[in-house]
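Below is one structure, written out as structure tokens; comments come after it.
The values are calculated or read from the model by the stated rules, or taken from the named source; none is laboratory data. This is a predicted model, so every value here is computed, not measured. Please note: Cβ atoms are built from the backbone with ideal geometry, for glycine as well, and neighbour counts cover all protein chains shown. Just the protein is used for accessible areas: all its heavy atoms, side chains included, with ligands, DNA and RNA removed. Shrake-Rupley method; radii C 1.70, N 1.55, O 1.52, S 1.80 Å.
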Protein chains: 4
Amino acid sequence: MSKGRLEAFSDGVIAIIITIMVLELTIPHEAGLDALRPLIPKFLSYVLSFIYIGIYWNNHHHLLQAVRQINGSILWANMNLLFWLSLIPFTTGWMGENHFAAWPVALYGTVLLLTGFAYVILTRMLIIYQGADSTLAIAVGRDFKGKVSLVLYAVAIPLSFVNSWFAELLYVLVAAMWFIPDRRIEKALAG
Amino acid sequence: MSKGRLEAFSDGVIAIIITIMVLELTIPHEAGLDALRPLIPKFLSYVLSFIYIGIYWNNHHHLLQAVRQINGSILWANMNLLFWLSLIPFTTGWMGENHFAAWPVALYGTVLLLTGFAYVILTRMLIIYQGADSTLAIAVGRDFKGKVSLVLYAVAIPLSFVNSWFAELLYVLVAAMWFIPDRRIEKALAG
Amino acid sequence: MSKGRLEAFSDGVIAIIITIMVLELTIPHEAGLDALRPLIPKFLSYVLSFIYIGIYWNNHHHLLQAVRQINGSILWANMNLLFWLSLIPFTTGWMGENHFAAWPVALYGTVLLLTGFAYVILTRMLIIYQGADSTLAIAVGRDFKGKVSLVLYAVAIPLSFVNSWFAELLYVLVAAMWFIPDRRIEKALAG
Amino acid sequence: MSKGRLEAFSDGVIAIIITIMVLELTIPHEAGLDALRPLIPKFLSYVLSFIYIGIYWNNHHHLLQAVRQINGSILWANMNLLFWLSLIPFTTGWMGENHFAAWPVALYGTVLLLTGFAYVILTRMLIIYQGADSTLAIAVGRDFKGKVSLVLYAVAIPLSFVNSWFAELLYVLVAAMWFIPDRRIEKALAG
């Protein structure tokens, strides 16, 4: 089974997810600068989630580049990833709407954690199918960054109830860590 | 006529359908966990429909893999399938909004039944065009799973008025049955 | 300049146009069958526009199949077509919302007429670029169906103010006339 | 790293951005022609932004045609461009909703300016990666049109507070200047 349509479908879904988030920035009826002020938390949430979804798209792109063939389980592991990604516009909107209150920030992290798990599952499925000595398996290696991300999300979730800005800081940290595209695979493919 | 753009267009439409459903999860103005409670039925409907549309995308992917050429009738049979799929966000939303009441659950099943019929029609059109001794015709065979699904939907619709949870159970059952991608075609292509 | 991205972009825009129309079917808060009754005119408008946009996608698909290279003018002629197509969800919604009243039906026809003109312009641009003796030029020929459609729209617009159902009848007639994909190009390519 | 998925993803995002803007044209509950009058400024804003996004798509198309390989920085420079483009539906809606008042018109120009910068950054990244003697570098040259556009936006923003129609005039001027697709690259590729 070729990977072409899986990539095309994932691109479509991710493109829509990243774009519909902007619909949460409801257009004010007033023309003054003051009318934009209540949108600031929504805008900040949007920026963070745009970067996160951009990271997932980038990594997904890299991940599938090292792959030739896929099977049914991989299709569903990918669908699972898209499902959790599709909840990000909701958690982004709830977080922005409620000015980074504890519960919305915790839920935001929970969805990030589950999206991260879904990505790990997809990676594992791909490695199983490609073999433990494949380019992909070597490139992913022990997946240090992936594991650290999951730990940081897991720390951030309870932290939201102490101070939701600490949790946000951790989300920003994870994003910064991944902002650099996955050079491991690029290197392995080149080497 | 090549199948490339048919696949691309279908991927686009299905990607949008699966994603706009999430817009039904309206963002609560309150920050507490209680604010999420009314969304639970909508969320459950979303999960079920996400899986259904995922199944249709997977099967559509498999179906067209066994095909090389298409014609005008196939284009329209595919458009018919996309039309019924496009109604799923509406029936999903109505079902979630009204906590799985009888009429919404019956309409949900009706649209699933008509989507199922549209898929059968598309399959038949493809087989007619490919020939009765084609890989596709052999792979689809007597299409036992397809027929059982239609029967189960047809049973679920009146059952909604007895107890809508029985109907839901049947929808979940059909989804579970199809969750495994269509190995018949994979096997036939490999063999 | 290759046509690949033009097709991909057009597929994306048309896929979104055909799908967002369904968002006009607002989900009723009540669970009874009565709650669906006010949606009937919106649903009928949706069906008509779904078929129209399906026809445009089919014909666009056929048109570009007979083409290898494109230029900047063709890109903009295509963008012009997408612009008028993008107004169809609005006119569809207005027509359905107001139960096929005169002005909405006339506007619906006006947008169809301008979309039709945009399609004619795109076809002419492609023929100029391909040459008057190209497969495309021969296939399109005198474009009888295209011209009749424009005349029927032009008749339907004033007719909306006499009886909007007569206008609707003409819209259905044009759709029926185009429902059969453009066999002229298929034949010319095959012969 | 191949450019295929970058193009596909960008096409998807741009297609959605150009299409969701039309959702701002809220459907009137009345059937008369008067009901359309309040939509005129929204419609004009929509037309302007449709042309702008069309221009970006066209130029993006041309830009990437002259490119074979991409890297991680280019992926992010592209994501940055898509981010600013994704804000255009919001600024378009705000400008139309408030009948071209000073602040919305200034913000519209600010987002155009930042989108323009993002495009310049993407172009620079591509030239760095392709080399200063590449077809692309020669085609882009001193990028006179790009620089003039940025200057005109920068002039238009403060001008919005003097008379917002002067600012609009500049936006229309820049659009007109770019309406002609980037023949520099076409010529360089052909020559």
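For this structure, a couple of remarks:
- Residues that are open to solvent by 30 Å² or more (accessible area, probe 1.4 Å) and farther than 16 Å from B:Thr91 by Cα within the stretch B:41-65 comprise just one, B:Gln65.
- Taking the criterion of being open to solvent by 20 Å² or more (accessible area, probe 1.4 Å) and aliphatic (A, V, I, L, M), the residues of the stretch D:128-148 that qualify are D:Ile128, D:Ala132, D:Ile138, D:Val148.
- Some residue of the stretch B:83-103 being within 20 Å of the chain's Cα centre (by Cα) and assigned to a loop (DSSP other than H, G, I, E, B): yes
- Considering only residues in the stretch C:123-156 that are among the small types (Gly, Ala, Ser) and part of a helix (DSSP H, G or I), the one that is farthest from C:Gly72 (Cα to Cα) turns out to be C:Ala156.
- Selection count, the stretch B:69-82, where residues are in a helix (DSSP H, G or I), open to solvent by 10 Å² or more (accessible area, probe 1.4 Å) and more than 8 Å from chain C (Cβ to nearest Cβ): 2
- All of A:Leu64, A:Leu112, A:Leu126 fail the test of being more than 14 Å from chain B (Cβ to nearest Cβ) and under 28 Å from B:Ile27 (Cβ atoms), apart from A:Leu112.
- For the stretch A:15-49, residues that are at the interface with chain B (Cβ under 9 Å from one of its Cβ atoms) and either farther than 20 Å from B:Arg5 by Cα or out of contact with any Gly (no Cβ under 9 Å at 6 or more places or on another chain) (or both) total 4.
- The residues of the stretch B:11-40 that are polar (S, T, N, Q) and either open to solvent by 10 Å² or more (accessible area, probe 1.4 Å) or at pLDDT 95 or above (or both) amount to a single one, B:Thr26.
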